[in-house]
Amino acid sequence: MRTLTVSVVTPDGEVLEDDYEMVSCKAENGELGILPGHIPLVAPLTINAVRLKRENDEDIIAVNGGFLEVRPDKVTILAESAEKATDIDVERAEQAKTRAEQLLESNDSDTDELRAKLALHRAINRIDIAKK
Ligand code: ATP
């Protein structure tokens, strides 16, 4: 099987670099499935799972917004933050979820609602991925 190199990078450093047969992710315009030889492309990503597939295994990464750059032999994901499913601290994500929910329920005029919604979305994404 042909492969492409996938690199996931955040401001904290590289999360992963390895070869895979297919990348599935959710861009702001919809689902993308990328195979080796794909036409070059840049797309903004949503807070979601990125699935990296090989014949006999699959790695799942929680990607919390950012950009995808596709070249025929390489996919680079520049994310604000990203974790491998196995590195996710579920308890921390549950606490972040509760904090965000409390902020959104408080109706406090000081609450930055968009920021709280994004924090909730990141927490739910991490919990969903860790449980897969
Ligand atoms: P928290 O409120 O728990 O910090 P957050 O969504 O605000 O969550 P981010 O700003 O997205 O956190 O990430 C900050 C750093 O912490 C990043 O390096 C990210 O990978 C890491 N991180 C955040 N939450 C988790 C988690 N539940 N498990 C593992 N790493 C996490």
Exercise. Does residue 107 count as surrounded by fewer than 18 Cβ atoms within 10 Å (Cβ to Cβ) and either out of contact with any Gly (no Cβ under 6 Å at 6 or more places or on another chain) or within 18 Å of residue 25 (Cβ to Cβ) (or both)?
Worked result: yes
For this session: Please give the number of the condition residue 91 fails out of (1) surrounded by fewer than 18 Cβ atoms within 10 Å (Cβ to Cβ); (2) at positive phi.
Result: (2)
Problem set entry | Filter result for the condition that a residue is within 21 Å of residue 11 (Cβ to Cβ), within 16 Å of the ligand (Cβ to nearest atom) and of a type outside the set (Phe, Trp, Tyr), over 92, 99 | 92
For this session: Could you tell me whether residue 132 is touching a residue at least 12 places away in the same chain (Cβ under 8 Å), within 16 Å of the ligand (Cβ to nearest atom) and either surrounded by fewer than 16 Cβ atoms within 10 Å (Cβ to Cβ) or not charged (D, E, K, R) (or both)?
Result: yes
Exercise. Of these, 62, 79, which one is within 20 Å of residue 20 (Cα to Cα), within 11 Å of the ligand (Cβ to nearest atom), assigned by TED's automatic domain parsing to the domain that holds residue 24 and touching a Gly at 6+ places or on another chain (Cβ under 9 Å)?
Worked result: 79
Exercise. Limited to segment 2-15, what total is found for residues that are part of a strand (DSSP E or B) and more than 18 Å from residue 36 (Cα to Cα)?
Worked result: 5
Seminar exercise, completed: So the strands (runs of 3 or more DSSP E) completely within segment 36-98 holding 3 or more residues that are more than 22 Å from residue 116 (Cα to Cα) are 41-53, 58-71, 74-79
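The values are calculated or read from the model by the stated rules, or taken from the named source; none is laboratory data. These numbers were taken from a predicted model, which means no experiment stands behind them. All Cβ positions, glycine included, derive from the backbone under ideal geometry; neighbour counts span all protein chains shown.
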